[in-house]
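*Asks:* A single structure is presented below for examination.
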Amino acid sequence: MESTQGVQDVEPIQNWGEDTAGIAGEQGVAMSAVILVKDLDQVVESNEAKQAGYSGTKEATYTLEHPEVMAWTHQFEQRATEKKIFDLFTSLHAEPSREKATIVGVLWHRFSGFMPWFLCQAAAMVSSNEKRHYVIQTAFEELGMRDASEIHPNMFWNAAQIAGVTSEARERIRSTKEPAEALTLLRTALSDSQSDAEVLGLLLGLEIPAVENIETILASLCYSEEVAKKLNEHKFFKLHRQIEIEHVRLTVSNFLRFCTTEKDKHLFIKGFDHGLEFWLQFWTTATSVISHEMVRNKKSG
């Protein structure tokens, strides 16, 4: 998959505000790296993660403390922050509610169920087995490693049910138009990708807000102290709090390993921005559907 289509649509890398060649030595990035290394240690040392087979992808070069990994992770995080993905959601639905738990539970379960197909499709689209090796790692985890009882969408649905989300609500909300549109956007972004770099960039765009996604989902489901106590100990959240940092490192390493030309870097960033646009639409949709659900329940109550 090689193409120059769309390169001119991406902001030049040098316009991001800093020279990435020297960024890793700066105090802010160094501090960020310390936090990330600490989090990765939690992945490696966690008995829960080890017992489930989560040891991270074998990596000799682009480890979490590698200067370029630190630098580019910082750059991509900054670009994601500028999108203000969560701002509308947190401003309009800051308080816990059953409606919020229901909608977020249903929407995330749908997304979670979609992702194994999406990741396998992305792996099939790239042009070498080495690239497929790195892309398929996350799909393997999402599908439970070597244990079908650990398939992540199923694990999450169990957590959502603890929060009171029902199959009836799932079917009712899934039949509405808005939730499907965000996934259609994501599917189209993948199918329209004209290069390996775009595909790999799209995957990082999906991973970069992973930690905030998990914390926002957990907070949304926890409408009571009793539910919060149960879900904080639930395997789905304990695992994802431990493994998301490694997912970001892995997808940043794909950028460093495979995107060595300016053309590929720009195409990667184009794909990355598509991933961010998906998250903006996902959380905007969640905001809207929660509001509709509140009105619906008020009328029926």
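The values are calculated or read from the model by the stated rules, or taken from the named source; none is laboratory data. Keep in mind it's a predicted model, so treat the numbers as computed, not measured. Don't worry about glycine lacking a Cβ; one is built from the backbone with ideal geometry, like all the others, and counts go over all protein chains shown.
*Asks:* Could you please find all residues in the stretch 249-266 being closer than 19 Å to Gln78 by Cβ and either at pLDDT below 95 or among the basic types (Lys, Arg) (or both)?
*Replies:* Scanning the stretch 249-266 gives Arg249, Lys265.
*Asks:* Still on this model: Tell me, please, whether a residue that is surrounded by fewer than 21 Cβ atoms within 10 Å (Cβ to Cβ), of a type in the set (Phe, Trp, Tyr) and in contact (Cβ under 8 Å) with a residue 40 or more places away in the chain can be found in the stretch 95-110.
*Replies:* No, because not a single residue in the stretch 95-110 is surrounded by fewer than 21 Cβ atoms within 10 Å (Cβ to Cβ), of a type in the set (Phe, Trp, Tyr) and in contact (Cβ under 8 Å) with a residue 40 or more places away in the chain.
*Asks:* Need the failing condition index for Trp117 against (1) under 27 Å from Glu168 (Cβ atoms); (2) assigned to a helix (DSSP H, G or I); (3) in contact (Cβ under 8 Å) with a residue 24 or more places away in the chain, just the number.
*Replies:* (3)
*Asks:* Return the residues of the stretch 123-152 that are within 16 Å of Leu204 (Cβ to Cβ) and among the hydrophobic types (A, V, I, L, M, F, W, C); say none if nothing qualifies.
*Replies:* Result: Ala123, Met125, Val126, Val135, Ile136, Ala139.
*Asks:* Next question, about the same structure. Within the stretch 281-297, take every residue that is touching a Phe, Trp or Tyr at 6+ places or on another chain (Cβ under 8 Å) and of a type in the set (A, V, I, L, M, F, W, C) and give me the one that is farthest from Leu221 (Cα to Cα).
*Replies:* Of everything passing the filter in the stretch 281-297, Phe282 is farthest from Leu221 (Cα to Cα).
*Asks:* Any residue in the stretch 92-103 that is among the hydroxyl-bearing types (Ser, Thr, Tyr) and more than 15 Å from the chain's Cα centre (by Cα)?
*Replies:* Checked against the condition, which is being among the hydroxyl-bearing types (Ser, Thr, Tyr) and more than 15 Å from the chain's Cα centre (by Cα), the stretch 92-103 yields at least one hit.
*Asks:* Report those helices (runs of 4 or more DSSP H) wholly inside the stretch 154-241 carrying at least 2 residues which are under 15 Å from Phe111 (Cα atoms), polar (S, T, N, Q) and in contact with a helix residue (DSSP H, G or I) (Cβ under 9 Å, 6 or more places away or on another chain).
*Replies:* Values: elements: 167-174, 177-191, 196-207, 210-221, 225-232.
Hits in the stretch 154-241: 210-221.
*Asks:* Would you check if Gln161 is at negative phi, in contact with a Ser or Thr (Cβ under 9 Å, 6 or more places away or on another chain), surrounded by fewer than 20 Cβ atoms within 10 Å (Cβ to Cβ) and in contact (Cβ under 8 Å) with a residue 60 or more places away in the chain?
*Replies:* In short, no.
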